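Visitor: Encoded as structure tokens, here's the structure I'll be asking about.
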Amino acid sequence: MKRIEVRVGDAAARYTLLEDAPKTADAFWESLPIEGTITHARWAGSAVWVKTPNQPIAALDDIELPVTSIYPGTIVVRPNPRGVAELFMSYGVAESRGPVGRTYATPVAELDGDGADLLAAFGATWQGGSTEVSITRAEDAS
């Protein structure tokens with residue numbers, strides 16, 4: 001079972017990679033570490049997002065397991081035709097959306113435990129603005 005750690009400031013939590021979309025999960029894993037700036041998702045609801053040019057996740061051009069709902073504590077990947085991947089991380093009720101309505105994304109990881117501090121850090125971007133995020137392989141990952 002592959003696990004990752006997501007860190008925003010002093011808040012961190014672990015996620016387990018999902019096996020339902022193996023192509024996307026493998027590309028995500030091979031693209032780690034990912035460092036960037038999370039921004040509150042304007043149209044998606046209670047979620048933040050980060051773009052990454054890291055390969056091979058940025059090379060994906062299809063949605064392997066299309067979903068629109070992004071459940072709390074879930075990370076989804078949405079390919080972008082500009083050679084980057086968009087990662088959405090929810091902290092509450094969210095949906096994959098853009099300026100013209102619903103979009104589709106592939107779920108790639110799910111929170112282990114409650115991760116309350118990290119989810120609160122995600123939520124703080126609503127009022128406090130963008131902040132840095134680090135997504136790495138967890139030390140005990142397989």
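Visitor: Can you pull out the chymotrypsin sites (Phe, Trp or Tyr not before Pro) in the stretch 59-109 whose DSSP state is coil and whose Cβ has at most 16 other Cβ atoms within 10 Å?
Guide: Filter output for the stretch 59-109: Y104.
Visitor: A further question on this structure: When only alpha-carbon atoms are used, what values of Rg and Dmax, in angstrom, describe the chain?
Guide: Using the Cα atoms of the chain, the pair Rg, Dmax is 13.4, 41 Å.
Visitor: How large is ³J(HN,Hα), in whole Hz, for each residue of the stretch 90-102 in order, when computed from phi with the Karplus curve 6.51 cos²θ - 1.76 cosθ + 1.60 and θ = phi - 60°, using x for Gly and Pro?
Guide: Residue by residue, the stretch 90-102 yields 8, 10, x, 6, 8, 8, 6, 9, x, x, 10, x, 4 Hz.
Visitor: Pick out which of T74, T37, T106 has the largest mean-square fluctuation in a Gaussian network model of the chain, springs linking Cα atoms closer than 10 Å.
Guide: Most flexible of the set in this elastic network: T37.
Visitor: Ok, one more. How high is the relative contact order of the stretch 1-63? Use alpha-carbon pairs under 8 Å, at least six apart in sequence, and give a whole percent.
Guide: Here the relative contact order equals 24 percent.
Visitor: I would also like to ask the following. Go through A85, V108, L119 and say which Cα lies farthest out towards the positive end of the charge dipole of the stretch 76-123; charges sit on Cβ, +1 for Lys and Arg, -1 for Asp and Glu.
Guide: My answer, from the dipole projection, is A85.
Visitor: Cα centroid distance between the stretch 1-18 and the stretch 71-87, in Å?
Guide: Spelled out, the Cα-based centre of one part sits 16 Å from the other.
Visitor: Where the only charges are on Cβ atoms (+1 Lys, Arg; -1 Asp, Glu), what is the dipole of the chain about its Cα centre, to the nearest 20 debye?
Guide: Result for the chain is approximately 500 debye, rounded to the nearest 20.
Read-outs throughout are calculated quantities, based only on the coordinates presented, and are distinct from any laboratory measurement. Since the model is a prediction, treat every value here as computed from it, not as a measurement. When we count neighbours, we look across all protein chains shown, and the Cβ atoms used for this are built from the backbone with ideal geometry, even at glycine.
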